[in-house]
């Protein structure tokens, strides 16, 4: 997997919210999902989701998260674990949900890359064959 070079401003924004957002490791996210203790939300872009995602995750891209979350998860006390490619966008997304009143939101440390390295199962959606 290609590692993204992040801009200094983006990294400053991430570090500014890190103290306000809980982070969980891959094992904790997998256990929470398996036991029905949390809704796992993939905040990556559509193209990233299409290449593979965590089984049981709900896809709500970062660009529409704040707009759509109350329809998808109406109870702000619902435990949520968010993930992205490397754990940065999900920190920002979790902070946004926290500020919207969601009270049990975490970001999965290391994101999708760490999940794959840890050997987590992956769903790769099938696409219809082109004519």
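The values are calculated or read from the model by the stated rules, or taken from the named source; none is laboratory data. If you're wondering where the values come from, they're calculated on a predicted model, not measured in any experiment. Positions of Cβ are generated from backbone atoms using ideal geometry, with glycine treated the same way; all protein chains shown enter the neighbour counts.
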* To do: Tell me which of these residue 19 doesn't satisfy, since it passes every other one: (1) more than 26 Å from residue 123 (Cβ to Cβ); (2) in contact with a strand residue (DSSP E or B) (Cβ under 8 Å, 6 or more places away or on another chain).
  => (2)
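Yes or no, residue by residue, for (1) part of a loop (DSSP other than H, G, I, E, B); (2) over 12 Å from the mean Cα position of the chain (by Cα); (3) modelled with pLDDT of 95 or more:
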site	(1), (2), (3)
55	yes, yes, yes
63	yes, yes, no
67	no, yes, yes
77	yes, yes, yes
82	no, no, yes
94	no, no, yes
102	yes, yes, yes
112	no, no, yes
* Asked: Looking at residue 87, is it on the phi > 0 side of the Ramachandran plot and in a loop (DSSP other than H, G, I, E, B)?
  -> yes
* Taking only pairs six or more apart or across chains, which ones have beta-carbon atoms under 8 Å, a first residue in segment 56-80 that is over 27 Å from residue 121 (Cα atoms), and a second residue that is in a helix (DSSP H, G or I) and at pLDDT 95 or above? -> 66/96; 66/97
* Structure fact -> Expected single match for closer than 17 Å to residue 79 by Cβ, modelled with pLDDT of 95 or more and part of a loop (DSSP other than H, G, I, E, B) among 37, 44 is 37
* Asked: Within segment 15-33, can you find the residues that are within 17 Å of residue 112 (Cα to Cα) and either part of a helix (DSSP H, G or I) or in contact with a helix residue (DSSP H, G or I) (Cβ under 6 Å, 6 or more places away or on another chain) (or both)?
  -> 26, 27, 28, 29, 30, 31, 32, 33
* Asked: Any chance segment 97-106 includes a residue that's surrounded by 15 or more Cβ atoms within 10 Å (Cβ to Cβ) and either out of contact with any strand residue (DSSP E or B) (no Cβ under 6 Å at 6 or more places or on another chain) or free of Cβ contacts under 8 Å to residues at least 12 places away in the same chain (or both)?
  -> yes
* Can you name the residue in segment 34-53 that is farther than 21 Å from residue 117 by Cα and surrounded by 12 or more Cβ atoms within 10 Å (Cβ to Cβ) and is also nearest to the chain's Cα centre (by Cα) among such residues? -> 39
* Only residues that are touching a helix residue (DSSP H, G or I) at 6+ places or on another chain (Cβ under 8 Å), surrounded by 15 or more Cβ atoms within 10 Å (Cβ to Cβ) and over 15 Å from residue 57 (Cα atoms): list them for segment 110-131, please. => 110, 114
* Asked: Of all residues in segment 1-17, which are under 29 Å from residue 55 (Cβ atoms) and surrounded by fewer than 16 Cβ atoms within 10 Å (Cβ to Cβ)?
  -> 1, 2, 3, 4, 6
